[in-house]
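J.: Please find one structure pasted underneath; my questions will follow.
The values are calculated or read from the model by the stated rules, or taken from the named source; none is laboratory data. As the structure is a computational prediction, the values presented were derived from the model and not from experiment. Virtual Cβ from ideal backbone geometry, glycine too; neighbours counted across all protein chains shown. When the accessible area is computed, the model is the full protein with side chains, heavy atoms only, and any ligands, DNA or RNA have been set aside. Shrake-Rupley method; radii C 1.70, N 1.55, O 1.52, S 1.80 Å.
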Amino acid sequence: MSKPRLYGIPGSRALRSIWAIEEIGIDYELVSTHFIGESKKPEYLTINPNGKVPALVDGDLTLFESMAINLYLAKTYGGALYPKNPADEARAWQWSVWGLTEIEPHLMAILLNRFMLPEDQREPDKIAAAEKGLKRPLALLDRQLADQPQLLGGDFTIADLNVAAVLSMSAMVGFDGVAEHPNTAAWFAAATSRPSFARAQKAGE
Ligand SMILES: N[C@@H](CCC(=O)N[C@@H](CS)C(=O)NCC(=O)O)C(=O)O
C-alpha cells in the first residue's frame, strides 16, 4: 500500500494532523495545499468536498476533519498514542471534540477581529468576549491536569495532542491567557516541546 498522503500546510489547521503523523513517526507524503485557492481546485474538491485543509488519503480511505484524521492515524498507526480501553478511547474523543467546540471558536474570533477581517470590520469587543470565554474551558483544563500530567492520566495520548494542537493557535492570534492557568501552561509547554511539534511546524520546508 502507498504511504498516507496528507494535504495542507503547517500554517493552517493541517498543522494538527502533520503533528499527529510526525508524532507517530510513519512515512507519509505532505501534499502542500494552501487553504486559499488551492483548496478550491476541482482536483482537491474530490478529496475534500468542503474545500478545506487538512485532508488525508490512506489507501482506499479519504478523510477530512483534523480530529477525525488524527484519531484514525493514532488508532491505526499510533501504538500507545491511542488509548486501548473503550473508556479512555471515548475520553480521547471527548477531549478532541471539546477542543474544537469549546476552545477553537474563541481563538478564531480573536484571529478574525485582530488580524483577518478588513480593519473597518474588526470588533475589539469580540476579542474581549472571546478572551473572557476562554477562561472557563482553560480553568476546566487546569482542574483536569491538577493531579495528573496528561489528560487521560500519566501518558501522553492523542487526546493531549489534539487539544494542545487546537490551543497552539494561541500564539498566532496573540492570546496569552494560557499562562494564567499553571497546570495547563506546564502541560501545553511540555506538549509543544515535543520534537514532533517542531518537525510539524517545519514540514514541507
Ligand atoms: N473543522 C475543520 C476546519 C478546517 C479549516 O477550516 N481549514 C481552513 C484552514 S485553517 C481552510 O481550509 N479554510 C479554507 C476555507 O474556509 O475556504 C478541521 O478541523 O479540519
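J.: With every protein chain kept in place and ligands, DNA and RNA left out, what is the accessible area per residue of the stretch 81-194? Probe 1.4 Å, answer in Å².
T.: 50
J.: Report the residue, chosen from Pro42, Pro105, Pro54, that carries the largest GNM mean-square fluctuation when the chain is represented by alpha-carbon nodes joined by springs under 10 Å.
T.: Pro42
J.: What FRET efficiency comes out for Ala185 versus Glu104 if R0 is 22 angstrom and r is the Cβ-Cβ distance? Round to the nearest 0.05.
T.: That pair, Ala185 with Glu104, gives E of 0.75.
J.: For the stretch 81-194, with all protein chains present and a 1.4 Å probe, just round the carbon and sulfur fraction of the accessible area to a whole percent.
T.: Carbon with sulfur: 56 percent of the solvent-accessible area.
J.: How much FRET efficiency would the formula 1/(1 + (r/R0)^6) give for Asn85 and Lys135, where r is the Cβ-Cβ distance and R0 is 22 Å, rounded to 0.05?
T.: 0.10
J.: A further question on this structure: At what distance in nm do the modelled label points of Val97 and Gln150 sit from each other, each positioned 7 Å from its Cα along Cα→Cβ?
T.: Modelled inter-label distance: 2.2 nm.
J.: For n ≥ 4 DSSP H runs only, could you compute -39500 (n - 2.57) per run for the chain, divide by its residues and tell me the 222 nm figure to the nearest 500?
T.: Result for the chain: -15000 deg cm²/dmol, rounded to the nearest 500.
J.: Ok, one more. Distances longer than 27 Å among the Cα atoms of the chain: what percent of all pairs is that?
T.: More than 27 Å apart: 30 percent of the Cα pairs in the chain.
J.: Also, I was wondering about something else. Dividing the convex hull volume of the Cα atoms of the stretch 81-194 by its residue count, what figure in Å³ per residue is obtained?
T.: 90
J.: Which percent, nearest 5, of DSSP beta bridges in the chain are antiparallel?
T.: 65
J.: Same structure, new question: Would you mind working out the magnitude of the charge dipole of the stretch 38-93 relative to its Cα centre, with +1 at each Lys and Arg C-beta and -1 at each Asp and Glu C-beta, to the nearest 20 Debye?
T.: 140
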